[in-house]
Amino acid sequence: MVHKVILHQMLDRYLPRKLAAILRLLVILCAFGALHVQAQEEEPAPPDSPVLEEMEDAEGEETLTIPEIPLMERFEQGGLTMYVLLVLSVIMVTFGTERLFNLRRQTIVPAGLADEARKVWDRNDTQKVIELAEKNPSVLASAIELLAKHPDVSRREISEMAGDEISRVMRRHLQRAYPLAIVATLAPLLGLLGTVTGMIDAFEVVAIAGSLGDASLLAAGIAKALVTTAFGLIVAIPSLGLYHHFRGKTHEFALQVEEEADELISEWFRPQPLSGEQSS
């Protein structure tokens, strides 16, 4: 129950309502699939399931070929761990898609917005500058709106205020990519856990079969166990790559916003003269 509450809080915090609802539905479907696999594991396996097939080559010699196993059958071999990894893959796709649409130049530092704000500011119409910022919602627009609402503040104070505003918004963007790092950390560990539990089951089968048991029983069990590790790496590698990509992109956009804001502050807010210069 606790992990369900944590999952719902994370979805509500990082995702819009529609995406969070879709992700919850996918998690529920994966849970039903896990129950289905658990019910299938309790059923006895059919005794006559050939693994290797004997064939003759062109010279008449017998060779052994391994038939291809369907993807869904491979997936079911991993057991319940595969469905947990499937949920993590859904989370990776969901948050990766959200960052792909929301972490763009248009939503952070739109091209040409600073030049338009300069033209309006030169006409001494701060209200038009605020309206321009509201028509172009972005991080840079928030900084421009802050500058327009405080035209009488000193240059040092407005610089600190704008820097705090930009840092707060960009930290929020960086935090929204953090679930990708969580998936990249948990996926290989869950795959390793599935492998360990699968190997334990394989060695138990050999122990039950006796010291002279068939070695193919152990090989088949290990093969099934390694499926979870492979799937865990398949989920973790792109998730880690996406996290670092969006993290680097966030830092790059943050530098661009700070540069644009500093240029506007240096143009709009002249440094105040010292007390000695005022008296002279």
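The values are calculated or read from the model by the stated rules, or taken from the named source; none is laboratory data. The shown structure was predicted, so the numbers you read here are calculated from the model rather than taken from an experiment. Here the Cβ is made from the backbone with ideal geometry for all residues, glycine too, and neighbour counts use every protein chain on show.
May I ask you to list the residues in the range 119-171 that are under 15 Å from V109 (Cα atoms), of a type outside the set (A, V, I, L, M, F, W, C) and surrounded by 15 or more Cβ atoms within 10 Å (Cβ to Cβ)?
N136, S138, S142, E145, G163, E165
Based on this model, can you work out whether L255 counts as at pLDDT 70 or above and surrounded by 14 or more Cβ atoms within 10 Å (Cβ to Cβ)?
Taking the combined requirement at face value, the residue does not satisfy it.
Can you name every residue in the range 152-166 that is out of contact with any His (no Cβ under 8 Å at 6 or more places or on another chain) and touching a residue at least 60 places away in the same chain (Cβ under 8 Å)?
V153, S154, R155, S159, A162, G163, I166
Would you check if A225 is at pLDDT below 85, among the hydrophobic types (A, V, I, L, M, F, W, C) and more than 29 Å from the chain's Cα centre (by Cα)?
no
Somewhere in the range 112-134, is a residue under 24 Å from the mean Cα position of the chain (by Cα) and among the β-branched types (V, I, T)?
Within the range 112-134, none of the residues are under 24 Å from the mean Cα position of the chain (by Cα) and among the β-branched types (V, I, T).
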